[in-house]
Protein chains: 4
Amino acid sequence: MPGNSFGQLFRITTCGESHGGAVAVIVDGCPPNLEINENDIQQELDRRKPGQSAITTPRKEADRIHILSGVFEGKTTGTPILLVAYNSDAQPQDYEHLKSIYRPSHADFSYLKKYGRRDFRGSGRASARETLARVAAGAIAKKYLQQHFNIEVLSFVEQVGHIRTDIDHNIVNLAAIENNLVRCPDEKTAKEMITLIEKVQSEQDSVGGIIKGVIRNVPAGLGEPVFDKLSADLGKAMLSINAVKGFDIGSGFAGISLKGSEHNDAFILKEDIVTTKTNHAGGVLGGISTGETIYFRVAFKAVATIGQKQETLTVAHQKVSLEAAGRHDPCVLPRAVPIVDAMSALVIMDHVLRHKAQNQ
Amino acid sequence: MPGNSFGQLFRITTCGESHGGAVAVIVDGCPPNLEINENDIQQELDRRKPGQSAITTPRKEADRIHILSGVFEGKTTGTPILLVAYNSDAQPQDYEHLKSIYRPSHADFSYLKKYGRRDFRGSGRASARETLARVAAGAIAKKYLQQHFNIEVLSFVEQVGHIRTDIDHNIVNLAAIENNLVRCPDEKTAKEMITLIEKVQSEQDSVGGIIKGVIRNVPAGLGEPVFDKLSADLGKAMLSINAVKGFDIGSGFAGISLKGSEHNDAFILKEDIVTTKTNHAGGVLGGISTGETIYFRVAFKAVATIGQKQETLTVAHQKVSLEAAGRHDPCVLPRAVPIVDAMSALVIMDHVLRHKAQNQ
Amino acid sequence: MPGNSFGQLFRITTCGESHGGAVAVIVDGCPPNLEINENDIQQELDRRKPGQSAITTPRKEADRIHILSGVFEGKTTGTPILLVAYNSDAQPQDYEHLKSIYRPSHADFSYLKKYGRRDFRGSGRASARETLARVAAGAIAKKYLQQHFNIEVLSFVEQVGHIRTDIDHNIVNLAAIENNLVRCPDEKTAKEMITLIEKVQSEQDSVGGIIKGVIRNVPAGLGEPVFDKLSADLGKAMLSINAVKGFDIGSGFAGISLKGSEHNDAFILKEDIVTTKTNHAGGVLGGISTGETIYFRVAFKAVATIGQKQETLTVAHQKVSLEAAGRHDPCVLPRAVPIVDAMSALVIMDHVLRHKAQNQ
Amino acid sequence: MPGNSFGQLFRITTCGESHGGAVAVIVDGCPPNLEINENDIQQELDRRKPGQSAITTPRKEADRIHILSGVFEGKTTGTPILLVAYNSDAQPQDYEHLKSIYRPSHADFSYLKKYGRRDFRGSGRASARETLARVAAGAIAKKYLQQHFNIEVLSFVEQVGHIRTDIDHNIVNLAAIENNLVRCPDEKTAKEMITLIEKVQSEQDSVGGIIKGVIRNVPAGLGEPVFDKLSADLGKAMLSINAVKGFDIGSGFAGISLKGSEHNDAFILKEDIVTTKTNHAGGVLGGISTGETIYFRVAFKAVATIGQKQETLTVAHQKVSLEAAGRHDPCVLPRAVPIVDAMSALVIMDHVLRHKAQNQ
């Protein structure tokens, strides 16, 4: 299959460049009879959209979503759902000067090597605007999971540059996440993060960080060994997001220095339910959900577009100096939170359907 | 699709429990005319097999591979290749006492929740013996990539517990990796690692670590945005291996605290070839290979089977003490090196074919 | 996978109900650098659209196609192509009376059984308007095949009711097919067919028939045994079209009474090229193209919508009389010709890419 | 995906040449807890095996099946099932003389064009022995469908050469089918068919025919529009069988001359159940099962291997005379009956799981 579809049974296929006609997604396989309307989707998109605050890009992208098929009288019909957001803020002349430049750490070079040509307007298909389609589709999955399983999908900014919160993810809720611009539920750390981002912005630079994802109330049994382990599919989902360079689940990289006797999660009874004393596993054993909370970390590199002057090459192999024209995020993490949520919801939704097919 | 296939065009489907009749794999989509014989495959399997040394499990598993289809007169025919390793060391009575126990941090509980029943002999399908099939299939991919592109797939143990080498992966070669039991190409650190593993073993405990993967000479252009990015598929491949809890590529988790101006890899010319001054990207930009070396890290938790006594529950929710009967690895990393290699080769091979289909 | 995608590597995903917002298709996997514009696609759609003549439905559907992604500066970029035709002729009140009726031989009953609800406006997703998306996507495949392989994809009406032409498909060309309303290249028979259709129309009835498909200049080697044989994929493609009840290739059903000695196609040399004396195989042996002309037949039942009064049931199991309100084709075959062409092109295109991936 | 897998959720992957080590299949996605043993499978294979009677080939192929994974204590575990039949009757010297010959209407030429080389022993992968794997996997599906839905999968020989039974498929049962060598439940016609086959055999020739498939008790709602219609997937399944040149369902090719008013199946109530007065649809409307009996026809050409002398070409383009060495079926239809059954069961099983995933 070509690379623009995700999921096996709850399957999304996305398309659209940042400055073409539209960004869109077809959601195929959605169960019928789910109430869904454009507002349900729009509210997720509004968390992702640019221009939300002083620390995100001031672009006013057309992030208005339209449902063009698959929903009838307010409910899904089981047929494919088309969601479209038209591009309205196209300023292609902004990008004309980038036509023949390989921007450092952007996909210009690799796209050209792959396809022999590229849409150079605003990174084309490699633009983060592509993720709009993921968030839109994810909103449907999220609603279904909430309604049918009470599954809660959350994520928050855990680290920006060197500034890090060690807040316990078990006590985090959506209100606390949405309470500040940077989407870190630890207010004190959030302020430090904002200060750092503002400093970086003033230096015409950018900075990376870590988003922690949390998924609660996932029933035991989801995940398809041996390759489509729940942990593997979550990892792929996150690593497919622009600028992501790392993923770990449960104890992750930090857990490797624990001995087995320390790392093993003992099974215990709690109100007659089998649970585990600790949760180093992060809610997944043998690639299958255990019913414990799933949590993971996603590492984002600093965004490649910076205002500072950089030396690079043209397509014709000439040296050239590059200064970005200005509209960009100094730190993508606050806006990436709903993208992580969306990818979580899409993975869990797909595995709910896959598990049901074989085992229920 | 069910979860026992991997790859789109170079597609493997594996099967087999640790104590059933066999572990096997069908490789479908292999280009015809590749010279391959059982020895080519066996030599990779021998790197993975138990009982190689004092620091791995002393089991003598039947890791002898048989090619039963798809190869004629020493060459692939383009039809599916069946590789089978029969199970000979079945000692099911070793496992009878585990029939009704949830071993801590094993997949017993989650498999039972998923399927309603399980093969309890030696972890059944959740056994690491499953990876034999990956290594066998990977040997074919590895040979093809070496012959057609001079691609070199390597990996080595970078960290065991707290002991870590900071050897430059660019100078590592296979001989150095294979030079010691622990497959760490830094001899001094390797000795410390072995000492640690022996200590852990004597304590009837286990320990985790990190394997670093390196792939050289990958042509620019591989990877299928936006979901099947090369980095995302490598991540999924590694996260699908038993005991893996984390993956990062290029600068990874360590890179998040770099600013954009520090992290960006400047394009430069080197003998008329476009290359980059640094390689924080790890050989992938926008999900597509750049031609630079791909490198990544894979985090393995400490193996769950330990000799120490552990408290846990039975299937009937009774408390019980568990002591493992003894045959297990104190540290899986040395034997996991060829598994990481195999998964690397399978991912690259699949993307070679996918790229060719659309773009050449 | 859900059922709204077709093809493995040249993969289309369609959506849209007859009276929702739009009918659309995402084409993923198209090779880059193909010149394509809306006119290329529109001219195929115009062959399919209603209201072309007195013997087709007078509806004026909005069949205007828009390319919203994947094409830049007149050429494909290798990224997914979004084609949209908005619905403008929605007259939902026409369908209100059908809300709770099971129309005979329509999909009302089966859709309700499957999904628990349905969009009852104009058959919803089960409407033949869905095929617009196939024709649009097929136009891209057709152009690629023509340019890169000189492959010619044709089809024509061979039979309507009992009226049948025995014209040799080897001498048929597009001009002759397009020369009359019924798309039968045998002018004399075409007139009889038209007379029959007019008679059926005047009786408020409908009639079925056979379309013959012809594909020339397909290189030898396409098709993926043992399941994705070229003949099997062509069959599935055609049987997925609304109202199709049968498919045969080469000698087909007529050939079964031939003995092996009569049916076998002897290999002979013709200008130093291996060819066959006869072509009972229809251009496919062992599921793989031979280089000979591919030809096949597609059986269409009479369209289910008729003006005559019919007895049927309501959703509440009440008996009811039904008379169709009028806008329908007495014979779908003339308009189905470009649909058959499109499906042919999609199958061949997909197999061109699949073959290239493994074997070239 | 390469072409050796069939089904989306109940997915089989087959391998094996006629004279390699084995023919095998991995069945992935089978629900757990199904009782299955080698005898269940063997009895289906025994219906397919050569040497059953005077009118089939006298070869004694090793059709003994072995279950090597996925079944534990007599029941499926939900993990992939490996079924293997080793090849024992290899007489490669029988085929040496065919090494460089293009046999008329065999796949020698097209395989060579596709892959550049081929296993010439007994047609290699193109041998009908490949269908053994289908029958083995189909036996599992058949048992599941029978147990969970009381679905009955049948097929019988309806026509051999010009000899045809017009027996009503609704009154046919398995006992009647198995009652004679030719698997035609109409004893009088069966005798004529046998006489014809014996005559053809004595002439060292072969003959084709039609198998009619019948599937009873399929619940309404199976099938995945718009491409994976139940009728389309059945068609593909049948057209993927060696020597099949045609497929039609319900009224099929014969139905095209019916007018809509004749062809439409009126909905009626029968003991409070919605059913249809006639069943021209063949149990499928809009690609979705209606609950009525599914029936279809499959056209098989005369087998290409005949004893008579034939003129053909060598790989080096030399003219040559060919006389088959003798071991072949004069008519494949009797042995193809269980293959048709298997493919029916595989399609229905897959759609049962697909439907459950989205809609239940």
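Quick rundown of the values:
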{"item": "Matching residues, region C:83-118, being modelled with pLDDT under 85 and in contact with a Gly (Cβ under 7 Å, 6 or more places away or on another chain)", "result": "C:Tyr95"}
{"item": "Yes/no for C:Val160 being surrounded by 14 or more Cβ atoms within 10 Å (Cβ to Cβ), in contact with a helix residue (DSSP H, G or I) (Cβ under 8 Å, 6 or more places away or on another chain) and within 30 Å of C:Ser88 (Cβ to Cβ)", "result": "no"}
{"item": "Residue satisfying all of: in region C:247-288; part of a loop (DSSP other than H, G, I, E, B) and small (Gly, Ala, Ser); farthest from the chain's Cα centre (by Cα) among these", "result": "C:Ala266"}
{"item": "Failed condition for C:Leu258, given (1) within 14 Å of chain D (Cβ to nearest Cβ); (2) touching a residue at least 60 places away in the same chain (Cβ under 8 Å); (3) aliphatic (A, V, I, L, M)", "result": "(2)"}
{"item": "Meets criteria (out of contact with any helix residue (DSSP H, G or I) (no Cβ under 9 Å at 6 or more places or on another chain), more than 9 Å from chain A (Cβ to nearest Cβ) and not in a strand (DSSP E or B)) for B:Leu181", "result": "no"}
{"item": "Residue match in region C:288-307 (condition: among the β-branched types (Val, Ile, Thr), within 29 Å of C:Gln8 (Cβ to Cβ) and surrounded by fewer than 24 Cβ atoms within 10 Å (Cβ to Cβ))", "result": "yes"}
{"item": "Residue tally, condition more than 21 Å from the chain's Cα centre (by Cα), buried (at least 24 other Cβ atoms within 10 Å of the Cβ) and in contact (Cβ under 8 Å) with a residue 40 or more places away in the chain, over region D:112-133", "result": "1"}
{"item": "Qualifying position, being of a type in the set (Gly, Ala, Ser), farther than 23 Å from B:Ser123 by Cβ and touching a Leu at 6+ places or on another chain (Cβ under 8 Å), among A:Ala237, A:Ala243", "result": "A:Ala237"}
{"item": "Test: residue in region B:41-60 that is without any contact (Cβ under 8 Å) to a residue 24 or more places away in the chain, out of contact with any Pro (no Cβ under 8 Å at 6 or more places or on another chain) and either of a type outside the set (D, E, K, R) or assigned to a loop (DSSP other than H, G, I, E, B) (or both)", "result": "yes"}
{"item": "Search result, residues across region D:126-156 that are within 11 Å of another protein chain (Cβ to nearest Cβ) and modelled with pLDDT of 95 or more", "result": "D:Glu130, D:Thr131, D:Ala133, D:Arg134"}
{"item": "Of residues in region A:308-360 being under 17 Å from A:Ala107 (Cα atoms) and of a type in the set (S, T, N, Q), the one surrounded by the most Cβ atoms within 10 Å (Cβ to Cβ)", "result": "A:Thr312"}
{"item": "Residue tally, condition at positive phi and in contact (Cβ under 8 Å) with a residue 40 or more places away in the chain, over region A:270-299", "result": "5"}
{"item": "Subset of region B:93-125 (residues that are within 12 Å of chain A (Cβ to nearest Cβ) and assigned to a helix (DSSP H, G or I))", "result": "B:Asp108, B:Phe109, B:Ser110, B:Tyr111, B:Leu112, B:Lys113, B:Lys114, B:Tyr115, B:Ser123, B:Gly124, B:Arg125"}
{"item": "Among residues of region A:234-247, those that are more than 7 Å from chain B (Cβ to nearest Cβ) and on the phi < 0 side of the Ramachandran plot, counted", "result": "6"}
{"item": "Region D:196-208: number of residues that are farther than 27 Å from D:Asn170 by Cβ and out of contact with any helix residue (DSSP H, G or I) (no Cβ under 7 Å at 6 or more places or on another chain)", "result": "7"}
{"item": "Tally of residues being surrounded by fewer than 23 Cβ atoms within 10 Å (Cβ to Cβ), under 19 Å from the mean Cα position of the chain (by Cα) and within 30 Å of C:Asp28 (Cα to Cα) across region B:179-224", "result": "1"}
{"item": "Candidate set: region B:61-77, residues that are within 11 Å of B:Gln42 (Cα to Cα) and more than 8 Å from every other protein chain (Cβ to nearest Cβ); chosen: the one modelled with the lowest pLDDT", "result": "B:Asp63"}
{"item": "B:Gly213 vs. criteria in a strand (DSSP E or B), within 25 Å of B:Pro330 (Cβ to Cβ) and free of Cβ contacts under 8 Å to residues at least 60 places away in the same chain", "result": "no"}
{"item": "Residues of region A:23-39 satisfying the condition of being part of a strand (DSSP E or B) and crowded, with 22+ Cβ neighbours inside 10 Å", "result": "A:Val23, A:Ala24, A:Val25, A:Ile26, A:Val27, A:Asp28"}
{"item": "Within region B:134-173, tally of residues that are part of a helix (DSSP H, G or I), within 16 Å of the chain's Cα centre (by Cα) and farther than 15 Å from B:Arg335 by Cβ", "result": "5"}
{"item": "Residues being among the hydrophobic types (A, V, I, L, M, F, W, C) and more than 9 Å from every other protein chain (Cβ to nearest Cβ) - total across region D:283-295", "result": "1"}
{"item": "Region D:5-22: number of residues that are within 7 Å of another protein chain (Cβ to nearest Cβ) and part of a strand (DSSP E or B)", "result": "7"}
{"item": "Within region C:225-262, considering residues that are surrounded by fewer than 24 Cβ atoms within 10 Å (Cβ to Cβ) and of a type in the set (Ser, Thr, Tyr), the one farthest from D:Ile306 (Cα to Cα)", "result": "C:Ser257"}
{"item": "Cβ pairs under 7 Å, 6+ apart, first in region C:300-311 and within 7 Å of chain D (Cβ to nearest Cβ), second of a type in the set (Ser, Thr, Tyr) and crowded, with 24+ Cβ neighbours inside 10 Å", "result": "C:Lys301/D:Ser251; C:Ala302/C:Ser206; C:Val303/C:Ser206; C:Ala304/C:Ser105; C:Ile306/C:Ser206"}
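The values are calculated or read from the model by the stated rules, or taken from the named source; none is laboratory data. Since the model is a prediction, treat every value here as computed from it, not as a measurement. Positions of Cβ are generated from backbone atoms using ideal geometry, with glycine treated the same way; all protein chains shown enter the neighbour counts.
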